[in-house]
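To start, the structure itself, in structure tokens.
The values are calculated or read from the model by the stated rules, or taken from the named source; none is laboratory data. Note that the structure is predicted; figures quoted are calculated from it, not measured. Because the Cβ atoms are built from the backbone with ideal geometry, glycine has one as well, and the counts that use them run over all protein chains shown.
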Amino acid sequence: MLKEYIKVEARLKQSSERAEPRPETLVARFEVALIALGLLANFFLLQHVMWWPDAGFRFNALSELLTQGKMPDTKYSLVGPLFSIPLWALDTANQTYWWTTRYNVFVLGAGLLAIYWLLKDRVDRGLLRKFFLLLVAGSMFSHHLLFYFGEVFTAVFVAVGCVAIVVGPVTVGWCAIILGVVNTPATVIGLILLDARYILASKRVRYTLVIIIGVALIMLESWIRRGSPFASGYADDYGLHTIMPYSGRPGFSYPIFFGLNSLLFSFGKGILFFAPGLLLPIRQTLRKLQKETKVDLFGVYALWIGFLVGLLLLYSCYWSWHGGWFWGPRYLLFASIPASFALAVRLQQRDASLVMNIVIILVLCLSIWVGINGAVYGDDALRNFCNPQWYGNESLCYYAPELSALWYPFVVYQPLGPGQLLYLLYSFFVGLYLLMPLLITTWRQLITVAQQHNWTRLNFRF
């Protein structure tokens with residue numbers, strides 16, 4: 001009788017546990033819902049545009065290939081657009097751009113699922129959810145998802161590939177990285193640094209073949225489409241001559257010193273403003289996590305940083321280092337990935353000092369504002385003043401803080417539509433959700449410091 005009673009009690013306990021999810025499960029479901037809601041909000045609430053010439057050229061090139069059998073000779077790669085064929089078919093049937101302009105939302109969503117699948121049984125899923133939330137609501141991706149450009153495809157494929165080559169499957173990871181690089185041939189410099197970091201870590205020289213394969217595929221596409229493996233399509237590419245002393249020159253003619261400083265620190269294009277998470281040190285934290293999880297997360301992060309450094313070095317020399325008339329540092333979207341990951345690590349590990357927690361709060365607030373600003377405001381209000389055809393004005397929007405797209409909403413009131421307001425409220429809620437635990441921890445640290453220094457006026461209870 002006693003044994004039967006114990007068995008019944010055990011069954012009742014198990015059934016009650018199934019019926020009532022644990023608090024951790026409820027939090028996980030809530031955060032997953034926030035991630036999905038962010039992607040859906042971007043998909044349905046915000047205006048997506050087939051921006052000419054870049055996005056429009058990609059769409060037309062794909063249309064020529066599929067409807068006329070003509071191989072287009074545009075300078076933009078067809079690798080990324082080829083994956084959008086199902087959406088292109090829907091738009092062709094309906095004579096619209098509605099689906100294709102939302103292509104990058106699908107790319108990012110698929111990338112998040114791939115990273116989750118690769119890491120879900122290896123690292124804390126709470127860390128992954130915070131990482132994804134920041135990518136969706138607190139990074140430059142919120143703006144890039146609005147267009148049919150190629151930066152999202154390259155950034156996502158390279159990011160997923162880096163995770164795969166560290167945790168496996170390695171071959172699939174390298175294939176993803178190569179596809180991302182071929183989609184944006186200029187990023188081959190990033191591939192070289194990424195591959196060099198991997199070779200040094202693995203001590204396997206055979207992975208130099210990755211660079212050879214990537215370069216060969218880039219040259220093959222140029223050969224097929226433009227008649228020569230060396231015809232990149234950028235031979236006569238140059239900008240307007242403006243008040244800036246090095247403007248109007250073609251190719252990679254910009255002084256690297258000025259280009260690098262501008263890409264790092266300028267108010268309108270600097271990644272330290274648009275991807276502030278890069279400022280957070282996380283090496284020791286990731287090394288500690290590696291001992292617990294047996295996954296080299298720092299190795300993944302180092303590969304991401306290596307690729308980003310390659311992008312910085314290359315585009316610092318490009319005449320269009322700023323990416324033309326585009327919100328933020330267009331070519332450095334990839335910076336959002338290591339930046340969001342670093343911030344997620346700091347939010348997950350709540351053992352930082354008081355000073356570091358204050359820095360994390362500032363970085364988080366700025367990151368959420370970047371997401372809000374990119375998705376809701378963009379650079380439309382500055383377009384007439386900073387249009388590249390207005391000689392002398394464009395550079396003001398790159399360097400002057402009050403004319404930066406990131407800060408202009410604080411200078412001039414910009415009315416918002418219903419969809420924009422709803423997205424703003426969503427982003428604000430996500431930011432508050434991520435911020436509150438950190439604020440509580442920081443407040444308790446402040447109280448402890450006050451007690452230690454006998455600052456009785458600050459001795460409040462939370």
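Here A352 fulfils each of the conditions (1) part of a loop (DSSP other than H, G, I, E, B); (2) more than 21 Å from Q47 (Cα to Cα); (3) of a type outside the set (S, T, Y); (4) within 23 Å of the chain's Cα centre (by Cα) apart from (4). Picking from F428, F341, F410, which residue would you name as being of a type in the set (F, W, Y) and without any contact (Cβ under 8 Å) to a residue 60 or more places away in the chain? None of the other options fit; the residue is F410.
Just to be sure, is P185 touching a residue at least 40 places away in the same chain (Cβ under 8 Å) and within 21 Å of L78 (Cβ to Cβ)? Answer is yes for this residue.
Here's the yes/no breakdown for (1) of a type in the set (F, W, Y); (2) assigned to a loop (DSSP other than H, G, I, E, B); (3) under 23 Å from R330 (Cα atoms); (4) touching a Pro at 6+ places or on another chain (Cβ under 8 Å):
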residue	(1), (2), (3), (4)
I35	no, no, no, no
L39	no, no, yes, no
F43	yes, no, yes, no
Q47	no, yes, yes, no
W52	yes, yes, yes, no
G56	no, no, yes, no
L62	no, no, yes, yes
L65	no, no, no, yes
K70	no, yes, no, no
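Out of everything in region 247-263 that is closer than 18 Å to E394 by Cα and surrounded by 14 or more Cβ atoms within 10 Å (Cβ to Cβ), what residue ends up being modelled with the lowest pLDDT? So, considering only residues that are closer than 18 Å to E394 by Cα and surrounded by 14 or more Cβ atoms within 10 Å (Cβ to Cβ), the one modelled with the lowest pLDDT is S247. One residue alone among R29, R58, R18 is within 20 Å of F141 (Cβ to Cβ) and at pLDDT below 95, and that residue is R58.
For (1) touching a helix residue (DSSP H, G or I) at 6+ places or on another chain (Cβ under 6 Å); (2) closer than 17 Å to F153 by Cα; (3) crowded, with 18+ Cβ neighbours inside 10 Å; (4) without any contact (Cβ under 8 Å) to a residue 40 or more places away in the chain, each residue gets a yes or a no:
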residue: A28; (1), (2), (3), (4): no, no, no, no
residue: E31; (1), (2), (3), (4): yes, no, yes, no
residue: G38; (1), (2), (3), (4): yes, no, yes, no
residue: F43; (1), (2), (3), (4): yes, yes, no, no
residue: H48; (1), (2), (3), (4): yes, yes, yes, no
residue: W52; (1), (2), (3), (4): no, no, no, yes
residue: R58; (1), (2), (3), (4): yes, yes, yes, no
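Restricting the first member to region 191-219 and to residues that are in a helix (DSSP H, G or I), and the second to residues that are loosely packed, with under 14 Cβ neighbours inside 10 Å, the beta-carbon pairs closer than 8 Å and six or more apart or on different chains are D195/T208; I199/V205; I199/T208; M219/F230.
Scan region 113-157 for residues that are in a helix (DSSP H, G or I) and either over 18 Å from V430 (Cα atoms) or aromatic (F, W, Y) (or both) and the total you get is 18. Taking region 349-399 as the search range and keeping residues that are of a type in the set (A, V, I, L, M) and modelled with pLDDT under 90, which one is surrounded by the most Cβ atoms within 10 Å (Cβ to Cβ)? Only one residue tops the list, namely L382. Taking the criterion of being over 27 Å from the mean Cα position of the chain (by Cα), of a type in the set (S, T, Y) and either under 21 Å from S316 (Cβ atoms) or in a helix (DSSP H, G or I) (or both), the residues of region 221-266 that qualify are S222, Y238, T242, Y246, S247, S253.
Of I282, I305, I271, all but one fail to be surrounded by 13 or more Cβ atoms within 10 Å (Cβ to Cβ) and closer than 30 Å to A61 by Cβ; the exception is I271. In the set (1) surrounded by fewer than 24 Cβ atoms within 10 Å (Cβ to Cβ); (2) farther than 18 Å from G138 by Cα, L311 fails one condition alone, (1). When V412 is tested against (1) modelled with pLDDT under 95; (2) within 13 Å of V376 (Cα to Cα), only condition (2) is not met.
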